[in-house]
Amino acid sequence: MGRIRAREIRDRGDAELIGACDRNPEQSPEFEGVPVFREASELLELDFDAAIICAYNDVAAPYTLAALR
């Protein structure tokens with residue numbers, strides 16, 4: 001799901017992908033050119049205006065709350 005969203009952001013032209021979180025960053029060519037973090041807490045330290053949370057339902061809520069902070 002995150003890889004699909006990354007492609008969509010890149011294709012839009014009016015948004016910028018500034019980072020991603022993936023447990024297997026070496027398997028994520030869609031994120032090429034942006035920092036890929038293994039831990040969401042590292043990603044959330046970046047300065048951003050919007051976040052797209054692509055995670056399983058059982059973990060999406062904590063990531064969303066952390067991004068809102």
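The values are calculated or read from the model by the stated rules, or taken from the named source; none is laboratory data. Just so you know, these numbers come straight off a predicted model, no measurement behind them. Cβ sites come from the backbone with ideal geometry, for glycine too, and all protein chains shown count toward neighbours. For accessibility, only protein heavy atoms count, side chains too; no ligands or nucleic acids. Shrake-Rupley method; radii C 1.70, N 1.55, O 1.52, S 1.80 Å.
Over the alpha-carbon set of the chain, divide Rg by the Kirkwood Rh and report the Rg/Rh ratio to two decimals. When Rh is taken as the Kirkwood radius, the ratio is 0.92. Spin-label pair residue 10-residue 45: with each label point 7 Å from Cα along the Cα-Cβ axis, the two points sit 2.5 nm from one another. Phi-derived couplings, Karplus 6.51 cos²θ - 1.76 cosθ + 1.60 at θ = phi - 60°, listed residue by residue for segment 37-49: 9, 7, 10, 4, 4, 5, 4, 6, 6, 6, 8, 9, 9 Hz, with x used for Gly and Pro.
Under a model in which nothing but the beta-carbon of Lys, Arg (+1) and Asp, Glu (-1) is charged, the chain shows a dipole of about 200 debye around its Cα centre. The listed residues 69, 3, 23, once ranked by accessible area (1.4 Å probe) with the largest placed first, stand as 69, 23, 3. Of the peptides 32-38, 45-51, the order by per-residue mean of other Cβ atoms within 10 Å, starting with the highest, comes out as 32-38, 45-51.
For the chain, with all protein chains in place and a probe radius of 1.4 Å, 49% of the accessible heavy-atom surface sits on carbon or sulfur.
With the contact rule set at Cα under 8 Å and sequence spacing of 6 or more, what percent relative contact order holds for the chain? Relative CO of the chain lands at 27 percent.
Accessible area per residue for the chain is 78 Å², calculated with a 1.4 Å probe on protein heavy atoms, without ligands, DNA or RNA.
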